[in-house]
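The values are calculated or read from the model by the stated rules, or taken from the named source; none is laboratory data. Model, not experiment: these values are computed from the prediction. All Cβ positions, glycine included, derive from the backbone under ideal geometry; neighbour counts span all protein chains shown. The area values use the complete protein model at the heavy-atom level, side chains included, leaving out ligands, DNA and RNA. Shrake-Rupley method; radii C 1.70, N 1.55, O 1.52, S 1.80 Å.
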Amino acid sequence: MWLSSAAASADRHSATVRLSLGLFFFIMGAKKENNDDEMDEKVKKYLRGEAANLEGLKDKKLKGQLAVREDLYGKSAKTAAKIEKWLLPSEGGYLEAEGIEKTWRIKQESIAREIDISSSKNQYDIVLPELGPYTLDFTSNGRYMAAAGRKGHLAIVDMKTLNLIKEIQVKETVRDVVYLHNELFFAVAQKKYPYIYNRDGTELHCLKEHGAVLRLQFLKNHFLLASINKFGQLHYQDVTMGEMVGNFRTGLGRTDVMQVNPFNGVVALGHSSGTVTMWKPTSSVPLVKMLCHPGPVSSLAFHPNGHLMATSGKENKIKIWDLRKFEVIQTMPGHAKTLNFSQKGLLAAGTGSFIKILADFSGSQNYNSYMTHSMAKGYQVGKVLFRPYEDVLGIGHSMGWSSILIPGSGEPNFDSWVANPFETSKQRREKEVHSLLDKLPPETIMLDPTKVGTVRAPQKKEKPTKKEIEAEMEAAIETAKDTDFKKKTKGRNKPSKRAKKRQEMIERAKKPFLEQQIQEHERSRKKQKTNPETEMPKSLQRFVRQKAA
């Protein structure tokens, strides 16, 4: 009896184990199927459409080559999907409207009710009416913010903890502020000269060569501080060595519209004549001079990929330009005192107390209204700036500075080798050393940086001058004269025969040069025949009979 009950309990235990194993494998199989479906969707995103139909091809060689290429495309799409799955775990999200609802009708109050506590900290409004208007700048990793008030107030804020790191009063007009290669140093455009301060508010340098600067920009890959002063002079200074790399007069008057293209390091200036000029530190003339608006340019911004540029003019038009063709691809009504592109390509435009966010979700470079935000009455927006790696828009205005949430504006995944918001002091030091070692010379700034490292195409040989041709002919004659003859048998080694042979060699050496001269003479005669106006004096050229077309 005891044995039979033990056997029954053993059977029940084995049945339970088999059931649990079956359930486990069923769950794992369902998870695997879901993962396979997700992977297939990601692979489709990277594929180049449907595969080519190779059954109708008769050429076996071509069929094999195309089959190999299609297989390679499939493998590359699978690799890209795996990289996205493991290295890009976070996905960016946008506002989605239901039914007839519009995303640009959604207010910040509605967003605040639906988000978590940590995200709600990014919605705030700092009111300092006695010290404004304010301008802002973020570090490349989005961790720190520098705020500068026109009345001389400077503040450094840690955006993760919202702690005030340092606050100073320079007791002088401040026009612009920009971070250098990391959060330890920042440059400030003050009343007479730009100054460089460290994180503790200590003044390190006074850059008197720049003069009274209106706008500052920093080229992080080249360690160059670029400035435009009130006399229309553009300066480039190397912050590692302190050397002035470039100093140019733009010749187009005073301007405070200045931006750097992140793709190639070219500085763009917007002028009162409606033109936008693009500069590099090794050229005293602009690389490009394009007429963008019939009136003054009020602001401009570059897309992170460097191929799109947004400009706004006083005639109440915002234009999107394709910099590969230098053509307008979209014109929108509206005025913007300040423009800025986010990491994901959203465009913020601010004017008065109103901010509009434009988005291109279709990928067809057609921007439409995405979100809007109205500040309190009386606020005058001076600068809008997206915070890197966060869905946050910083706003500098006449009464202080504010921050609002823009879903989908920031890059959800950061590369710790490029920009790490959580980097330690040791990592920051190592990154600074690596960036100094990888510093690019000013000569690498050009419209198409892909040309760096390529082989220059062979140039056509220049036509030799008359003196060079004569020198070559004389050298050939001398070599012909100096040739030694073999000593031959009696009767075949006479001096007369030797002289005759040497003369033949000299004539043979002269022949190609003489033929070249004859050909050039014939070409010039043909040109004169086709152009009878050149034979006549200027006063009689209008009487020359024209040939019938």
Margin query: Check which residues have an amide H placed less than 5 Å from residue 308's amide H, if you skip close sequence neighbours.
Written below: 303, 323
Checklist line | Ranking by accessible area, most exposed first, for 473, 309 with a 1.4 Å probe | finding: 473, 309
Next item on the list: With Rg and Dmax of the Cα atoms in Å in mind, check [x] 23.4, 75; [y] 39.2, 125; [z] 36.0, 140 and report the label derived from this structure.
Entry: [z]
Next item on the list: Enter the Cα centre distance for the pair the stretch 252-267 and the stretch 117-171, rounded to the nearest angstrom.
Entry: 24 Å
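So between residue 524 and residue 62, what do we pick up on full extension, going 0.36 nm a residue minus the alpha carbon distance?
On the way: separation 462, 0.36 × 462 = 166.32 nm, distance 5.07 nm.
Here the answer is 161.3 nm.
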Next item on the list: Quick one: accessible surface of residue 469, probe radius 1.4 Å, all protein chains present, in square angstrom to the nearest 10.
Entry: 20 Å²
Check: Sequence-distant or interchain residues sharing an amide H contact under 5 Å with residue 266, placed H: which?
Finding: 261
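Per the helix-only calculation at 222 nm, which mean residue ellipticity applies to the chain, given -39500 (n - 2.57) for every DSSP H run of n ≥ 4 and division by its residues, nearest 500 deg cm²/dmol? Can you show the working numbers first?
Details: 7 runs with 147 residues, N = 549.
Dividing the helical sum by the residues of the chain leaves -9500 deg cm²/dmol.
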Next item on the list: Starting from the Cα of residue 166, draw a straight line to each of the aspartates and glutamates and keep only those under 16 Å, dropping any in the same chain fewer than 8 residues away.
Entry: 137, 158, 183, 200, 203
Notebook entry, point to check: When the Cα atoms of the stretch 341-401 are enclosed in a convex hull and the volume is divided per residue, what value in Å³ results?
Noted result: 77 Å³
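For residue 471 and residue 284 in the same chain, what is the full-extension length gain: residue separation times 0.36 nm, less their Cα-Cα distance, in nm?
Here the segment from residue 471 to residue 284 would lengthen by 63.4 nm.
Under 10 °C and 1.306 mPa s, how fast does the stretch 241-293 diffuse according to Stokes-Einstein, given a Kirkwood radius computed over C-alpha pairs? Answer in µm²/s, whole number. Could you put the intermediate results ahead of the total?
Values: Rh = 11.8 Å.
Estimated via Stokes-Einstein, D reaches 134 µm²/s.
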Margin query: At 1.4 Å probe size, what's the solvent-accessible area of residue 321? Round to the nearest 10 Å².
Written below: 20 Å²
Check: Within straight cross-link reach of residue 61, meaning Cα distance under 18 Å, which lysines are found once same-chain residues fewer than 8 apart are removed?
Finding: none
Note to self: Taking the alpha-carbon distance from residue 75 and a cut-off under 13 Å, which aspartates and glutamates remain once sequence neighbours fewer than 8 residues away in the same chain are dropped?
What the structure shows: 40
Checklist line | Those trypsin sites (Lys or Arg not before Pro) in the stretch 240-305 that DSSP places in a loop and that have at most 16 other beta carbons within 10 Å | finding: 254
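Let me check against my output: what whole-number percent is the relative contact order of the chain, with C-alpha pairs under 8 Å and at least 6 apart? Each step should come with its number before you reach the end.
Details: 946 pairs, mean separation 53.8, N = 549.
For the chain, the relative contact order is 10 percent.
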Margin query: If you count only protein heavy atoms and use a 1.4 Å probe, how large is the accessible surface of residue 324, to the nearest 10 Å²?
Written below: 140 Å²
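Determine the share of the stretch 280-425's accessible area contributed by carbon and sulfur atoms, expressed in whole percent, with a 1.4 angstrom probe. Don't skip to the answer; put the middle values down first.
Numbers: 3040 of 5870 Å².
C and S atoms contribute 52 percent here.
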Note to self: Against the empirical 2.2 N^0.38 Å scaling, what ratio does the C-alpha Rg of the stretch 291-361 come to?
What the structure shows: 1.01
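What size of dipole, in debye to the nearest 20, comes out for the stretch 179-240 about its Cα centre when the only charges are +1 on Lys and Arg C-beta atoms and -1 on Asp and Glu C-beta atoms? Don't skip to the end; give the middle numbers.
On the way: 7 positive and 5 negative charges, 57 e Å.
About 280 debye.
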